[in-house]
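The structure appears right after this line, and notes come after that.
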Amino acid sequence: MKLEKLFEKLEIKKDDFKDLHITRMYSSFVAVSEGKVIKMTEPFLEYCPLANLLYHYIEKFDSRAIKESIKEAVEEKISDFGYFTAEREISRKNIAIPYGASEMLMYALKKKEIDSAVVVCDGAGTIITDKPDIVQGIGARMNGLFYTTPIDKLIKNLERNNCYIVFPETADINQISGLEKAAELGYKKIAVTINGYMGDDLAKISEVEKKYNIFITSLAVCTTCIDERRIKKIKEHADLVWSCASGGIREIIGKKAILQVSIGIPVFVLTKKGLDFILSVWKKMVKDRDDIELWVVGAKRVTNVPCTRFFGKISNDKLPEYYQTSDCYLFPTLCHEGFGMSLIEALHCGCYPIASALGGVPEVLAYGKYGTLIENPHFEEAWEQAILNYLKEKPESAKLHQDLYSTQAWNEAMNKLIEVAKDRFQ
């Protein structure tokens, strides 16, 4: 949607307002001026997972009641956190939403996985920061920003905190320009948030990467109600995607994702972030030793990670050779897996598994009997400690019965269940 169309939907003229900001909640676009909600479009969603998580009083679809709840929620942000005003909160260290975009950016900056973030702030537009608490202060509880006008006091406050305001005179939102400016400022590993509904052209991100020889991680947010054309663009170019209340994102992006983080509001990872996560742990592990080696099967890449070998794609009939040669198998999934077949294969080949305690994985490992379960798999320290414990104690691999988790045993069990079901319905 073009900005002009958005103003038409809200039945306002932007030139009539010196102070104007447009956000969205529960499928309604909301216009704020002088610290008050002045206009909003009709809501049409029957359910919004984020709104129901943060604002429990939105309970059922009743357009009038929902509009009142939206107004109350937005004005609560204004009164409690100063949103859309000169008194806006810009620094925060605690988590507002598990797996939120600002939370992930905050941790990525803390861990030095990125050196800067290009984000959007009401009253300032596109900004560049390398401060974890600023990213969280700006992004926590922000539902999406579609238009904003400059607030001089807020801009000065951000600048005092070493933020770079890309368009201080107009507070424009242009993330591609923000990326270019971040590169010109000397940043090399940059994360950027992109408005999924009506944001920048994602294809231009790779152009900026090539032009400046930098590494960009793109986060597509605010995806509620986007059309299939936009979803396909996101699928092609984004690294992480927040599904929000978009069924299309779940259906189209979810099928391509290599990881899903969270269930209620799924975050889909479209690049090998799980692998990158474990590699960041491994870098720490091998700083002072060279007697261990990490084998990565299924990904072929150029890397400077020491004591690591990449084998690329291996045919299924060859995989047992790699399992049998290895001592330990790492299963760093960050989503709720079912019965992971690779984990079962590794068990039967004598590998000792260290795995995320998510989904059906604990059941596969008999709740710790057959290997080590990581209760907090999103924290690098947990993996580091588990690997160190394994190297120190060298626990023996479990002696499994050959029929455990075998295809034959599975088929026999399922056939018995089918026969029981047939008898009950006859």
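The values are calculated or read from the model by the stated rules, or taken from the named source; none is laboratory data. What you see is a predicted model, and the numbers here were worked out from it, not measured in a lab. FYI the Cβ positions are ideal-geometry reconstructions off the backbone, even for glycines, and counts take in every protein chain you see.
Of the residues that sit in the range 223-251 and are small (Gly, Ala, Ser) and out of contact with any Lys or Arg (no Cβ under 8 Å at 6 or more places or on another chain), which one is farthest from Phe44 (Cα to Cα)? Among those residues, the one meeting the criterion is Ala238. Listed here are the strands (runs of 3 or more DSSP E) enclosed by the range 59-154 that have at least 3 residues being farther than 18 Å from Val30 by Cα, assigned by TED's automatic domain parsing to the domain that holds Val166 and at pLDDT 85 or above: 116-121, 125-129.
For the range 379-410, residues that are at pLDDT below 80, assigned to a loop (DSSP other than H, G, I, E, B) and either of a type in the set (Ser, Thr, Tyr) or within 30 Å of Asp276 (Cβ to Cβ) (or both) total 5. Residue count for the range 155-209 under the criterion of being in a helix (DSSP H, G or I), free of Cβ contacts under 8 Å to residues at least 40 places away in the same chain and under 25 Å from the mean Cα position of the chain (by Cα): the result is 10.
Tallying residues that are surrounded by fewer than 18 Cβ atoms within 10 Å (Cβ to Cβ) and farther than 19 Å from Asp19 by Cα within the range 132-165 yields 5. Any residue at all in the range 30-50 that's among the hydroxyl-bearing types (Ser, Thr, Tyr), modelled with pLDDT of 90 or more and either crowded, with 20+ Cβ neighbours inside 10 Å or not assigned by TED's automatic domain parsing to the domain that holds Cys244 (or both)? No; the residues of the range 30-50 include none that is among the hydroxyl-bearing types (Ser, Thr, Tyr), modelled with pLDDT of 90 or more and either crowded, with 20+ Cβ neighbours inside 10 Å or not assigned by TED's automatic domain parsing to the domain that holds Cys244 (or both). The sole residue among Ile155, Ile151, Ile165 that is in contact with a Leu (Cβ under 7 Å, 6 or more places away or on another chain) and among the hydrophobic types (A, V, I, L, M, F, W, C) is Ile165.
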